[in-house]
Amino acid sequence: MSDKYDRDDDGENKYLMTSSLCFLIPGMHALYKQQYLLSSTLLIGPIISYKYWSNPRNNIWRTSDIICANTGMGLFIGNLAWNVKPSLYRFLIPSFYITGASSYILASIEYKKRNKNWYMYHGGMHLFMWLGHSLSVCVS
């Protein structure tokens with residue numbers, strides 16, 4: 001596989017760039033609620049992800065994107081453990097995260113199979129993580 005993702009058009013990158021920027025919405029809400037740790041993750045991470053997906057290569061932007069995503073998940077899991085009290089949300093939020101992780105795994109499998117629609121699964125991961133992060137910001 002080459003350093004650059006093989007593709008027929010830029011549709012998949014634009015889709016992933018747009019879905020990455022959607023994380024700015026709960027980031028601004030977290031900032032409004034003075035949840036500075038969560039807001040900083042949700043405001044910096046999407047910009048790095050956008051930059052990476054604008055020209056996906058194995059470089060510093062990919063490494064930064066992976067670091068931000070994993071750090072952000074750690075922060076949100078910690079937030080879930082310490083700051084989310086209603087039991088319904090303590091079940092619902094992890095359900096979104098597990099579904100998102102499953103979508104990510106499917107995206108990786110489909111990418112390796114050269115399925116041209118692999119990015120839809122990655123976008124699904126963005127959707128479920130966005131739902132979990134948004135709900136986490138709202139209820140904590």
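Could you tell me whether segment 21-42 includes any residue that is open to solvent by 40 Å² or more (accessible area, probe 1.4 Å), among the β-branched types (V, I, T), farther than 18 Å from S136 by Cα and not in a loop (DSSP other than H, G, I, E, B)?
Within segment 21-42 (the criterion being open to solvent by 40 Å² or more (accessible area, probe 1.4 Å), among the β-branched types (V, I, T), farther than 18 Å from S136 by Cα and not in a loop (DSSP other than H, G, I, E, B)), the answer is no, since none of the residues qualifies.
Please find, among S64, S103, S54, S20, the residue that is touching a helix residue (DSSP H, G or I) at 6+ places or on another chain (Cβ under 7 Å), in contact (Cβ under 8 Å) with a residue 60 or more places away in the chain and among the small types (G, A, S). So that I can check it myself, show each step before the final result.
Values: S64 fails: in contact (Cβ under 8 Å) with a residue 60 or more places away in the chain; S103 fails: in contact (Cβ under 8 Å) with a residue 60 or more places away in the chain; S54 fails: in contact (Cβ under 8 Å) with a residue 60 or more places away in the chain.
So the residue among S64, S103, S54, S20 that is touching a helix residue (DSSP H, G or I) at 6+ places or on another chain (Cβ under 7 Å), in contact (Cβ under 8 Å) with a residue 60 or more places away in the chain and among the small types (G, A, S) is S20.
All but one of (1) within 13 Å of the chain's Cα centre (by Cα); (2) outside any helix (DSSP H, G or I) hold for K116; which doesn't?
Tallying (1) within 13 Å of the chain's Cα centre (by Cα); (2) outside any helix (DSSP H, G or I), K116 fails exactly one: (1).
Do you know which residues across segment 66-82 are more than 22 Å from W53 (Cβ to Cβ) and open to solvent by 80 Å² or more (accessible area, probe 1.4 Å)?
If the condition is that a residue be more than 22 Å from W53 (Cβ to Cβ) and open to solvent by 80 Å² or more (accessible area, probe 1.4 Å), then I77, W82 are the ones that fit.
The values are calculated or read from the model by the stated rules, or taken from the named source; none is laboratory data. Everything numeric here is computed off the predicted structure, so don't read it as measured data. Neighbour counts run over all protein chains shown; Cβ positions are idealised from the backbone, glycine included. Quick note on the areas: whole protein, heavy atoms, side chains included, nothing else; ligands and nucleic acids left out. Shrake-Rupley method; radii C 1.70, N 1.55, O 1.52, S 1.80 Å.
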